[in-house]
Amino acid sequence: MPTPQPWDIWLVRVPLKDCEDYRPCLILEWRSANRLLIAPLSSQYQLFRSAFHISISDADPSFPATGLKRASYVVGDELRELSLSRFKCRLGRLEGELLVRLKTWLGEEGNPHR
């Protein structure tokens with residue numbers, strides 16, 4: 001298995017609400033030798049809130065590099081620190097303008113929403 005890196009998108013078994021399904025997640029940072037900080041992704045735009053979420057548009061030229069099948073958003077108010085054992089496979093990564101927008105949203109001092 002490749003090693004997850006910040007800005008990669010992986011399928012991860014994430015505990016959210018009443019289930020623990022595999023879902024696409026953005027890797028934010030390593031926290032220890034086997035634990036990473038992730039942000040789940042969602043494509044359910046009826047739940048999108050601009051104060052806590054950032055869009056990953058399928059119209060962006062770098063969208064194909066994400067490995068996602070449809071437009072999604074980073075669920076910034078559901079950050080999780082999870083063990084590497086929950087990681088299944090790498091889908092892709094954020095690049096180009098998508099990565100620039102995410103880093104701007106996170107701010108130079110880290111995510112203000114943590």
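The values are calculated or read from the model by the stated rules, or taken from the named source; none is laboratory data. On a predicted model such as this, the values are computed, not experimentally measured, just so you know. Note that each Cβ is placed from the backbone with ideal geometry, even for glycine, and that neighbours are counted across all protein chains shown.
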What do you reckon, is Ala71 in contact (Cβ under 8 Å) with a residue 24 or more places away in the chain and under 22 Å from Cys89 (Cα atoms)? yes
Within segment 37-83, can you find the residues that are small (Gly, Ala, Ser) and closer than 14 Å to Ile9 by Cβ? Ala39, Ser42, Ser43, Ser62, Ala65, Gly67, Ala71, Ser72
Out of segment 4-20, which residues are surrounded by fewer than 11 Cβ atoms within 10 Å (Cβ to Cβ) and not in a strand (DSSP E or B)? Lys17, Asp18
If I ask for residues that are polar (S, T, N, Q), crowded, with 16+ Cβ neighbours inside 10 Å and either modelled with pLDDT under 95 or assigned to a loop (DSSP other than H, G, I, E, B) (or both), which ones from segment 56-79 would you list? Ser62, Ser72
Considering segment 35-54 alone, what residues qualify as being of a type outside the set (Lys, Arg), farther than 26 Å from Ser85 by Cβ and surrounded by fewer than 17 Cβ atoms within 10 Å (Cβ to Cβ)? Gln44, Tyr45, Gln46, Leu47, Phe48, Ser50, Ala51, Phe52
Checked against (1) within 13 Å of Gln5 (Cα to Cα); (2) part of a loop (DSSP other than H, G, I, E, B), Arg90 satisfies every condition except (2)
Looking only at segment 54-105, count how many residues are hydroxyl-bearing (Ser, Thr, Tyr) and more than 13 Å from Ser42 (Cα to Cα). 5
Matching residues, segment 33-68, being among the aromatic types (Phe, Trp, Tyr) and in contact (Cβ under 8 Å) with a residue 40 or more places away in the chain: Phe52
